[in-house]
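Engineer: Take this structure first; my questions come after.
The values are calculated or read from the model by the stated rules, or taken from the named source; none is laboratory data. Please read these numbers as outputs of a predicted model, since none were measured by experiment. Here the Cβ is made from the backbone with ideal geometry for all residues, glycine too, and neighbour counts use every protein chain on show. Accessible surface areas use protein heavy atoms only, side chains included; no ligands, DNA or RNA. Shrake-Rupley method; radii C 1.70, N 1.55, O 1.52, S 1.80 Å.
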Amino acid sequence: MDLFEYQGKQYFARYDIPVSPGGVAVTVDEAVAHAEAAGYPVVVKAQVQVGGRGKAGGIKLANDADEVRTHAGNILGMDIKGHTVERIWVENASDIEEEYYASFTLDRAAKLHLLMLSAEGGVEIEEVAERNPDAIVKLHINPVDGLGVDVARQAAVDANIPERAIDGVADILVKLYRCFVDGDCDLAEINPLILKPTGEVHALDAKVSLDNNAAFRHPEWEEYSKTEVLDEREQLAKEKDLQYIGLDGTVGIIANGAGLAMSTLDVVNQVGGSAANFLDIGGGANADVMAAALTVIDTDEKVKSIFVNIFGGITRGEEVAKGIVEGLQRVDLRAPIVIRLDGTNAEEGRQIILDAGIPAEKLTSQPTMLDAAREAVRIANGNEVGA
Ligand code: GDP
Ligand code: MN
């Protein structure tokens with residue numbers, strides 16, 4: 001789950017990372033009230049989950065209430081790269097001497113945490129990586145060892161952070177790492193991390209992505225789900241209470257059980273296709289759930305075929321079959337379905353589907369998971385023969 005900048009800053013503050021005082025507003029009047037409280041000059045910042053807000057006109061300095069009114073009025077409702085600005089963050093403006101970059105992520109391949117640190121912040125880090133890769137220090141951290149202040153200092157030295165900012169940067173790195181680990185982040189990024197003329201080091205922006213798997217440890221995350229930005233498919237899936245994750249491929253997937261859903265993704269890959277989603281309908285394969293699942297998947301225009309992979313256990317084959325037949329009566333799908341039905345009462349299920357007389361261009365049945373995957377991928381790839 002991705003946080004907005006203002007939520008990220010509030011998250012940072014819990015770990016003692018210095019951020020500017022401010023408040024979030026949905027109206028111009030609220031923005032002025034926050035500006036008065038934070039003290040002028042202030043910076044008015046569009047809250048959208050996309051980078052480059054400054055260039056898009058979504059970040060403005062204001063010296064008095066009139067300027068806050070003007071900027072807040074312009075920024076609220078603005079479109080930034082397809083995101084409509086519904087909220088703005090107003091904070092006391094900082095004087096900037098230098099801009100740095102710092103982030104922690106998980107390096108899955110190395111099975112270690114990764115610190116990235118650069119003295120060239122304030123621009124997208126991908127840009128720095130391209131133009132001057134040596135300007136980014138990458139340091140793996142073993143979670144068992146953690147990150148101490150000495151290692152953090154050395155990283156700052158290696159990144160050519162100037163002497164007078166070293167202590168401040170190292171201190172924030174240690175705190176940001178604690179935020180990343182204890183706060184269960186997938187990403188904790190500060191860009192820019194600034195050096196003020198006073199010598200203080202300070203987080204001017206916050207990009208935080210939380211690891212949803214750790215939500216059970218964080219009842220306080222509940223508030224973020226109210227403002228969570230989901231794509232259209234994910235929004236629909238959430239409303240319908242489905243275990244759905246959107247992906248980029250062309251084969252829609254419905255399976256019962258998370259394990260089977262994962263293997264279905266693998267098999268689709270193995271035969272040369274790519275999954276459009278992960279969707280586990282669990283034990284509830286009735287018509288309601290099936291119709292909801294089919295609707296969500298079919299909303300995605302990239303989907304060219306839908307692979308329904310059911311291994312009946314507690315979920316019985318004839319129930320799944322009824323669910324699909326009824327579901328198909330309710331929703332008119334663009335993409336054809338390929339179904340593999342096995343396990344408890346699979347025979348009865350297949351008979352129900354046969355008796356329903358659904359035309360073959362809408363639904364076909366395949367005896368095995370591999371056959372069904374091949375057929376779904378063949379359709380998705382425009383009838384070319386897969387692997
Ligand atoms: P992003 O471009 O969407 O990542 O937005 P940022 O929050 O990183 O801000 C972009 C740029 O706006 C920063 O790199 C700064 O140059 C400038 N900026 C943001 N806040 C302030 C501030 O308080 N004072 C000054 N002088 N500039 C700021
Ligand atoms: Mn930024």
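Engineer: Between ALA129 and ARG164, what FRET efficiency comes out of the Förster formula 1/(1 + (r/R0)^6) with R0 = 25 Å and r the beta carbon distance, rounded to 0.05?
Structural biologist: Here the calculated transfer efficiency is 0.40.
Engineer: Turning to a different aspect of this structure: Need the full-extension length gain, GLU347 to ASP266, defined as separation in residues times 0.36 nm minus the C-alpha distance. One decimal, nm.
Structural biologist: Details: separation 81, 0.36 × 81 = 29.16 nm, distance 2.57 nm.
Roughly 26.6 nm would be gained on extension.
Engineer: Now a separate question. When N counts the residues of the stretch 158-228, how does its alpha-carbon radius of gyration compare numerically with 2.2 N^0.38 Å, as a ratio?
Structural biologist: So the Cα radius of gyration is 1.33 times the expected 2.2 N^0.38 Å.
Engineer: What residue among ASN92, PRO41, ILE75 has its Cα farthest toward the positive end of the dipole of the stretch 1-112, where the charges are +1 on Lys, Arg and -1 on Asp, Glu, each on the Cβ?
Structural biologist: Result: ILE75.
Engineer: Does anyone have the angle between helix 346-356 and the longest principal axis of the chain? Alpha-carbon axes, 0 to 90°, nearest 10?
Structural biologist: 80 degrees
Engineer: A further question follows. Output the 0 to 90 degree angle, nearest 10, between the alpha-carbon long axis of helix 287-299 and the longest principal axis computed from the alpha carbons of the chain.
Structural biologist: 60 degrees
Engineer: Then there is this: Mind ranking LYS238, LYS45, LYS196 by accessible surface for me, highest first, 1.4 Å probe?
Structural biologist: Largest accessible area first, the residues go LYS238, LYS196, LYS45.
Engineer: At a Förster radius of 45 Å, what calculated FRET efficiency corresponds to the Cβ-Cβ distance of ILE314 and ASP79, to the nearest 0.05?
Structural biologist: E between ILE314 and ASP79, to the nearest 0.05, is 0.40.
Engineer: Tell me whether the stretch 120-255 comes out rounded, prolate or oblate; compute the Cα gyration tensor, take square roots of the eigenvalues as a ≥ b ≥ c, and use a/c under 1.5 as the rounded threshold.
Structural biologist: On the way: a/c = 2.30, a/b = 1.92, b/c = 1.20.
The shape class here is prolate.
Engineer: While we're on this one: Taking R0 as 45 Å, what's the FRET efficiency between GLU301 and ALA33 from their Cβ-Cβ distance, rounded to 0.05?
Structural biologist: The formula returns an efficiency of 0.55 here.
Engineer: With the Cα gyration tensor of the stretch 284-387 giving a ≥ b ≥ c as the square roots of its eigenvalues, does the rule (a/c under 1.5 for rounded; else a/b larger than b/c for prolate; else oblate) give rounded, prolate or oblate?
Structural biologist: oblate
Engineer: Where a ≥ b ≥ c are the square roots of the eigenvalues of the C-alpha gyration tensor, would you call the chain rounded, which needs a/c under 1.5, or, failing that, prolate if a/b is larger than b/c, or oblate?
Structural biologist: Judged from the Cα gyration tensor, the chain comes out prolate (a/c at least 1.5, a/b above b/c).
Engineer: Which entries of LYS138/LYS196; LYS60/LYS138; LYS138/LYS226; LYS81/LYS175; LYS138/LYS175 have Cα-Cα distances beyond 28 Å here?
Structural biologist: Those over the limit are LYS60/LYS138; LYS138/LYS226; LYS81/LYS175.
Engineer: Right, next: May I have the pair-distance distribution P(r) for the stretch 67-168, computed from all Cα-Cα distances with 5 Å bins from 0 and rounded to whole percent?
Structural biologist: Once binned at 5 Å, the Cα pair distances of the stretch 67-168 give 2, 10, 16, 15, 15, 13, 11, 11, 5, 1, 0.
Engineer: Separate question: Which aspartates and glutamates have a Cα less than 20 Å from the Cα of LYS302, not counting those fewer than 8 places away in the same chain?
Structural biologist: Leaving aside aspartates and glutamates fewer than 8 places away in the same chain, those within reach of LYS302 are ASP231, GLU232, GLU234, ASP248, ASP266, ASP280, ASP332, GLU361, GLU375, GLU384.
Engineer: Continuing with this model, one more query. Nearest 10 degrees, 0 to 90: what angle lies between the long axis of helix 369-380 and the longest principal axis of the chain (Cα atoms)?
Structural biologist: Rounded to the nearest ten degrees, it is 70.
Engineer: Run the simple label-point estimate for THR368 and ARG217 please: 7 Å along Cα→C-beta, distance reported in nm.
Structural biologist: Using points 7 Å along Cα→Cβ, the separation is 4.3 nm.
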